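First the structure, in the form of structure tokens, and then the observations on it.
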Amino acid sequence: MTQSAIRARELGNLLRTRRERLQPSDVGLPPGVRRRTRGLRREEVAQLAAISSTYYTVLEQGRDVRPSRQVLDALATALRLDGAERAHIHELIHGAPPAQVSAVETLPPALVALVDRLDPCPAYVTGRCWDVLASNRAARVLWTDWPARPARDRNLLWWMFTDPEARDVMADWPAEASALLGRFRTAAARHPGDPAFNALLERLHTASPVVRQWWPQHPVTPLGSGTKRLRHPVLGELELHHVVLQLADDPEQKLVTFTAGDRDQARIAELLA
């Protein structure tokens, strides 16, 4: 399957899921009678976007066509897509082709040293598929001991969805897991056909009923900073503010740093000492 066909199928999947989550009242349409379709009808979306029903059906079926940016904007408005979803459909169809990447990701030694120096502020670096490529002691104490895990399991998604420990550590596990899967989907759209993404997704589908349930809903989440709540057996519940920095040499690699309040930061330092 060509990359354009993969992208078209992804677009069709997103259009369908977003159509099904809307009700006529959400977009100012009368409910009608004898409605058997979940959510809006295809012809209703086409009407709202000012395109033909036939063309919309072709798009939702994932046929290998290339809608214009104007059509994508009209569909985004009709389906009430948020900013991340709107950007995602444009990137699916009109994004630049992905650069060739090495199968093995490496980090500059200076970056690894920087991560270590950030202790007692937790920090780690993830690769394009959310493999944890470096982590400091604070991150290993609060999340999991990444270097001690088998090499293919040093991955945030794998840990989040297959390790029961993750549900104990992440106080807001459903929201955190859903957001992580959405960020993975957004990244995967930039690498259609990438064997690393496909292999990880296949493993996750095999191992996690949650991924099998959530993936067809087409989650899309932008990369960004924010707040996380973690639980630790000694420190209790911690609220950490995190910043995500993309590396200039490889924007798919992300340095994530965390800070807690003064009291909790001091307790983390004491635990490490």
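Of everything in region 19-70, what is acidic (Asp, Glu) and either within 18 Å of HIS90 (Cβ to Cβ) or in contact with a helix residue (DSSP H, G or I) (Cβ under 8 Å, 6 or more places away or on another chain) (or both)? Give them in sequence order.
Passing the criteria: GLU43, GLU44, GLU60, ASP64.
Quick check on my filter: what residues within region 188-203 are within 14 Å of the chain's Cα centre (by Cα) and modelled with pLDDT of 90 or more?
Passing the criteria: PHE197, LEU200, LEU201.
For the condition under 19 Å from ASP194 (Cα atoms), surrounded by fewer than 17 Cβ atoms within 10 Å (Cβ to Cβ) and within 21 Å of the chain's Cα centre (by Cα), what is the one hit in ARG152, ARG128?
ARG152
Filtering region 202-230 down to residues that are among the hydrophobic types (A, V, I, L, M, F, W, C) and in contact with a Lys or Arg (Cβ under 9 Å, 6 or more places away or on another chain), which residue is farthest from ASP264 (Cα to Cα)?
So, considering only residues that are among the hydrophobic types (A, V, I, L, M, F, W, C) and in contact with a Lys or Arg (Cβ under 9 Å, 6 or more places away or on another chain), the one farthest from ASP264 (Cα to Cα) is TRP215.
List the strands (runs of 3 or more DSSP E) inside region 205-273, counting only whole elements, that have at least 2 residues being touching a Gly at 6+ places or on another chain (Cβ under 7 Å).
236-246
Determine the pairs where a residue that is within 20 Å of ASP116 (Cβ to Cβ), located within region 247-266, has a partner that is of a type in the set (Gly, Ala, Ser) and at pLDDT 90 or above with Cβ atoms under 7 Å apart, the partner being 6 or more residues away or on another chain.
Cβ pairs passing all conditions: GLN253/GLY127; LEU255/ALA123; VAL256/ALA123; THR257/ALA123; PHE258/ALA123.
What number of residues in region 245-257 are modelled with pLDDT of 95 or more and either in contact with a Pro (Cβ under 9 Å, 6 or more places away or on another chain) or farther than 23 Å from GLU165 by Cβ (or both)?
Residues meeting the conditions: 4.
Determine whether region 175-196 contains at least one residue that is touching a Cys at 6+ places or on another chain (Cβ under 7 Å) and closer than 27 Å to LEU14 by Cβ.
Yes.
Quick one: in region 65-94, of everything that is in a helix (DSSP H, G or I) and β-branched (Val, Ile, Thr), which residue is surrounded by the most Cβ atoms within 10 Å (Cβ to Cβ)?
ILE89
The values are calculated or read from the model by the stated rules, or taken from the named source; none is laboratory data. The structure presented is a predicted model; accordingly, all values stated were derived computationally and were not measured. Using ideal geometry, Cβ is built from the backbone for each residue, glycine included, and neighbour counts are taken over all protein chains shown.
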